[in-house]
Amino acid sequence: MTSPLQQKLKITGPTVITANRLTDGVVVWLTAESGWSDTLSRAAVVSTPDDALRLLGIANADENHAVGAYPARVTVADDGSLAPVNLRERIRVGGPTVALPGAAA
Amino acid sequence: MYIYDEFDRTFLQERVDEFRDQVKRRLDGELNEEEFKPLRLMNGVYLQLHAYMLRIAIPYGTLSSDQMRALAHVARRYDRGYGHFTTRQNIQFNWIKLEELPDAMADLARAGMHGLQTSGNCIRNTTTDQWANATPEEIEDPRLYAEIIRQWSTLHPEFTYLPRKFKIAITAAKHDRAAIRVHDIGLRLHRKDGVTGFEVIVGGGLGRTPFVGKTIREFLPRHDLLSYLEAILRTYNAGGRRDNIYKARIKIQVHEIGTEEFTRRVEAEWAQIKDGALALDDAAIDAIRAHFKEPDFEALTDGPAELEAAKTNPDFARWYANSVAPHRKGGHAIVTISLKPVGAPPGDATADQMDAVADLADQYAYGEIRVAHEQNLTLPHVRQKDLFTLWQALDAQGLATPNIGLISDIIACPGLDYCALANARSIPLAQDLTKRFADLDRIADIGRVHLNISGCINACGHHHVGHIGILGVEKQDQEFYQITLGGKANHKAKLGELLGPAVPENEVVNVVERILDTYVELRTSKQETFIAAVQRLGIEPFKERAYAAR
Amino acid sequence: MPLVKNGKPVADAFVAVADEDTLPDAPVLVSATRLLAEGEALFARNHPVGVIWPNDKDVLLLEPFVDRLAVVALIFPKFRDGRAYSQARLLRERLGFKGELRATGNVLRDQFLLMVRCGFDALEIVKEGDVAAVEKEIHSYSVFYQPTGDGRPVPLRARLAAARGA
């Protein structure tokens with residue numbers, strides 16, 4: 001397996017590192033304090049390949065807390081709030097786009 | 001029902017203990033993710049978009065009412081109150097926590113259930129006809145052999161780390177409801193000179209490189225089943241490709257070395273082991289048969305007065321015509337329970353629905369339930385005189401949509417709403433289609449159409465073999481869908497033909513509707529089914545119309 | 001790497017020798033290439049001979065040597081690559097190999113029992129911590145569904161015997 005530190009990352013804008021929490025699989029993001037948060041707004045945002053690789057290295061070294069880390073594009077609004085860019089990440093943030101069976105319609 | 005004995009129970013408990021220890025070692029950091037992943041997969045545990053997913057094996061699709069209640073319990077206690085029945089006759093839960101999994105497994109084991117070999121590069125749950133032991137058209141109960149295969153393949157030490165996953169399906173009926181020609185191994189039970197045996201088909205499969213399987217042996221005496229399977233698996237384990245995950249299935253090995261050479265290798269290996277420890281005899285097969293408890297069928301005759309009277313109710317009559325099939329025992333019937341109500345995710349059932357089906361199975365169906373690969377449930381043994389009462393109870397639970405085999409009986413994978421591999425969503429599309437085709441008169445007029453949706457090329461929704469197949473693809477973060485026509489999963493299995501360029505999400509339902517309108521217009525009569533018309537006409541007329549209005 | 005044989009840690013008496021090196025005055029493990037090329041000359045020495053056999057080479061080629069080989073070391077390049085399980089069974093069950101069958105490579109505790117069932121009696125263990133787990137792991141199951149060369153009873157047969165005895 002290629003070490004994440006040798007990977008070439010194409011970073012084209014604000015980027016966060018996301019993964020799933022080991023214990024329960026919940027979607028988490030790497031924070032500026034090198035911890036994990038289940039809130040996107042607490043994610044550390046970087047915008048260069050070097051910075052993204054550095055964060056990815058930190059994330060992958062912590063796979064006893066979160067697994068399958070990878071970089072994901074975000075947009076940063078004027079007020080600083082973060083939003084996922086693609087559909088996959090929107091679903092990871094917001095849950096399935098369909099009503100869950102048994103849930104009140 | 002196959003009744004587990006002390007042996008099976010001991011095994012399951014030991015499996016639960018082993019998995020509990022493995023989870024503990026992972027949470028303690030003793031196992032890294034790379035080491036743990038294959039271990040959890042072999043217990044049916046995936047990591048999906050939002051959570052871990054647990055897939056529970058339902059061997060050859062047969063469930064007791066108590067097992068169904070155990071599934072309802074897991075849905076409530078460890079998940080979010082529902083589960084998803086799959087095309088491999090299993091069920092999966094979408095919101096399980098890793099730290100709670102060992103307890104969930106222990107609860108399941110008490111009902112004789114587990115997630116064993118529902119994932120990973122091992123021999124998976126053997127699937128079969130959901131009408132087994134109920135349909136009049138079969139020569140023997142195929143579950144007998146599926147159970148023999150289950151025992152042989154469970155934690156097989158030689159075949160736990162194969163090049164890739166390995167799926168076996170078996171049928172004993174003329175009409176193949178188990179899609180055996182698109183499995184790694186398909187087995188068709190038939191008789192020759194008074195001896196029961198199998199046609200052995202190898203190297204079928206869907207996914208990225210779909211193939212219809214090749215027959216490598218027309219007739220294998222039933223006593224030789226396990227030794228022959230072991231010879232196939234050994235040939236695959238030694239020679240299947242391991243350099244490229246996309247070329248690692250047995251279908252690629254068969255394709256690359258040729259059916260003839262593959263068969264030669266299998267036969268050579270088999271010659272060495274056929275008289276060894278795996279040789280079966282009648283007594284061994286009967287010992288397994290003795291573990292299947294035959295329902296205590298009441299002596300009844302067909303067409304009881306209760307049923308004839310009920311047919312005057314048009315709603316019941318419609319359901320009866322659509323969802324009830326003949327049974328081998330007089331006065332009985334096979335009932336298919338639609339898990340495809342309008343606007344709902346195909347194959348999903350709530351915990352309350354599971355409990356309700358369990359209770360109804362106890363009251364009306366000798367406590368037995370089946371899961372069909374079309375993602376519906378089946379009550380295989382229902383007394384005809386109870387059909388009306390059963391229908392009313394099913395209807396009250398939203399489980400009596402009379403759309404079995406029709407356009408809204410959609411097979412769909414979970415798609416991008418849940419799955420980490422998906423490129424596009426499947427469920428919203430299925431929901432939109434069922435809403436467009438909600439008119440029961442209209443779908444009955446259109447008649448038999450199998451529509452299959454996969455959210456990516458891995459083809460869990462079996463789109464290649466749908467009469468209408470829909471494959472989700474992603475283009476610049478937009479969902480597009482490719483449409484194929486003319487696929488079939490039955491004994492004349494065939495892969496669908498691509499209709500044309502992929503269409504955007506908001507166009508798919510319109511395109512499907514135009515395809516079906518074209519069929520209704522061009523069919524020779526109502527007797528000519530959609531698939532027959534596609535075969536007669538080719539895809540051109542459908543293609544013209546499907547894209548014309550855009 | 002620690003070597004465990006029949007459940008007990010043992011010293012490895014064998015020296016792995018590269019093809020171009022001269023043979024030391026000791027029990028040796030040679031490559032498949034060297035065994036096939038020098039065969040008889042190797043066995044003419046007064047030291048036990050073992051072979052390191054790759055997992056993509058037909059193990060039945062060992063037939064001429066099987067009674068004389070002291071060790072066959074099979075390889076798991078990754079624990080997920082299961083070819084050596086089939087090789088092990090063929091060696092034990094087809095060729096009747098009675099010497100030491102050694103699992104090498106990415107040998108981890110969660111696969112110990114599978115290896116033993118396929119006929120391995122020696123495990124070259126990667127993680128020091130796994131050595132103490134051998135006994136527990138190879139006894140983690142008391143029941144087995146399918147027959148292998150290890151001769152354990154399986155339910156199909158056991159039930160049958162019970163039915164016949166009844």
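A few comments on the model shown:
- Ordered by the count of other Cβ atoms within 10 Å of each Cβ, fewest first, C:118, B:413 give C:118, B:413.
- When you restrict to C-alpha pairs under 8 Å that are six or more residues apart and normalise by the size of chain B, the relative contact order lands at 13 percent.
- Under 5 Å, built H, 5+ apart or other chain: amide partners of residue B:166: B:122, B:124
- Look at the stretch C:112-121: the mean tally of other chain Cβ atoms within 10 Å of its residues' Cβ atoms is 2.
- Taking A:50, C:56 and counting other C-beta atoms within 10 Å, the order from fewest to most: A:50, C:56
- Average beta-carbon neighbours from other chains, 10 Å sphere, peptide C:143-153: 5
- Integer Hz, Karplus 6.51/-1.76/1.60 couplings in order for region B:224-237, x for Gly and Pro: 9, 3, 5, 5, 5, 4, 4, 5, 5, 5, 5, 4, 6, 4
- J(HN,Hα) series, region B:371-380, from Karplus relation 6.51 cos²θ - 1.76 cosθ + 1.60, nearest Hz, glycine and proline x: 9, 9, 5, 6, 6, 10, 9, 10, 9, x
- Compared with the dominant Cα axis of chain A, that is its longest principal axis, helix A:49-60 is turned about 70°.
- Distant-in-sequence amide contacts of residue B:44, defined by a placed amide H-H separation under 5 Å and a gap of 5 or more residues or a different chain, comprise B:117, B:118, B:119.
- Couplings 3J(HN,Hα) of region B:486-503, computed from phi: x, x, 8, 9, 7, 5, 10, 3, 8, 8, x, 9, 5, 6, x, x, 4, 10 Hz, in residue order, whole Hz [Karplus 6.51 cos²θ - 1.76 cosθ + 1.60, θ = phi - 60°; x for Gly and Pro].
- Average silhouette area of chain B, convex hull of alpha-carbon atoms, in square nanometres: 25.3 nm²
- Unsatisfied cross-links (Cα-Cα over 20 Å) in the set B:165/B:340; B:311/B:526; B:214/B:251; B:174/B:494; B:340/B:494; B:24/C:127: B:165/B:340; B:311/B:526; B:340/B:494
- Cysteines without a disulfide-compatible neighbour (Cβ-Cβ under 4.7 Å), chain B: B:122, B:419, B:456
- The calculated Kirkwood hydrodynamic radius for the protein assembly as shown is 28.6 Å, given to one decimal from all distinct C-alpha pairs.
- Kirkwood estimate for chain C, i.e. one over the average of 1/r between Cα atoms, Å: 16.9 Å
- Tilt relative to chain C, helix C:155-165 - C-alpha long axis, 0 to 90 degrees, to 10: 50 degrees
- Chain B, dipole about Cα centre (Lys/Arg Cβ +1, Asp/Glu Cβ -1), debye to the nearest 20: 1340 debye
- GNM flexibility winner over chain C from C:33, C:22, C:148 (Cα, springs under 10 Å): C:22
- Annotation for region C:102-160: trypsin sites (Lys or Arg not before Pro) lying in DSSP loop with at most 16 further Cβ atoms inside 10 Å of their Cβ are C:127.
- Computed about its Cα centre, the charge dipole of the protein assembly as shown is approximately 1140 debye, with only Lys, Arg, Asp and Glu carrying charge at their Cβ.
- Residue with peak Gaussian network fluctuation, chain C [Cα springs, cutoff 10 Å], from C:150, C:121, C:21: C:21
- Checking every one of the chymotrypsin sites (Phe, Trp or Tyr not before Pro) in region B:176-256 against DSSP loop status and a limit of 13 other Cβ atoms within 10 Å picks out no site at all.
- Whole-percent P(r), chain A, all Cα pairs, 10 Å bins from 0: 15, 45, 29, 8, 2.
- Built amide H within the under 5 Å cut-off of residue C:15, gap 5+: C:28, C:29
- Each Lys or Arg adds one and each Asp or Glu subtracts one; over the other residues with Cβ under 13 Å from the Cβ of residue A:35, this totals -1.
- Computed over the alpha carbons of region B:6-110, Rg followed by Dmax gives 13.5, 40 Å.
Laboratory data are not the source of any read-out in this text; all were calculated from the coordinates shown. Keep in mind that what you see is a predicted model, and the values were worked out from it rather than measured. Note that each Cβ is placed from the backbone with ideal geometry, even for glycine, and that neighbours are counted across all protein chains shown.
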